[in-house]
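Here, each number is a calculation from the coordinates, and none is a lab measurement. Keep in mind that what you see is a predicted model, and the values were worked out from it rather than measured. With ideal geometry, Cβ positions are generated from the backbone for all residues, glycine too; neighbour counts draw on all protein chains shown.
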Amino acid sequence: MPKTSMPNEAVSVEFYITEECNGCGLCKNIAPDFFDCVDYAYSYFLTRQPSNEFEVLLLRDAAAVCTVDAIRETVKSS
Ligand code: SF4
């Protein structure tokens, strides 16, 4: 069977937040289910990874509004 279909991108990429995060909260405005922070910290963390294509695009939208480029995407290691 030829490999003509695209791999499920949602399971092939993962996101992370770098230490450049300044806690502005813009990402949580875009994707509130994916970002959270603790009161005493000035940085956000991801609550979970995307599980479908829509969620990948949502996290990319969040990354696009991050003014310090702290939301990064990488290929998930198998
Ligand atoms: S938008 Fe960027 S800098 Fe702002 S809280 Fe989210 S990750 Fe941190």
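Observations
- Loop-located trypsin sites (Lys or Arg not before Pro) across region 24-78 with a Cβ neighbour count of 14 or fewer within 10 Å are ARG48, LYS76, with loop assigned by DSSP.
- For region 42-59, the Karplus equation 6.51 cos²θ - 1.76 cosθ + 1.60, evaluated at θ = phi - 60°, returns couplings of 9, 8, 9, 9, 7, 7, 6, 8, x, 10, 7, 4, 4, 5, 4, 5, 4, 5 Hz by residue, with Gly and Pro reported as x.
- Chain lengthening between ASP39 and GLU20 when straightened (0.36 nm per residue, less Cα-Cα): 5.1 nm
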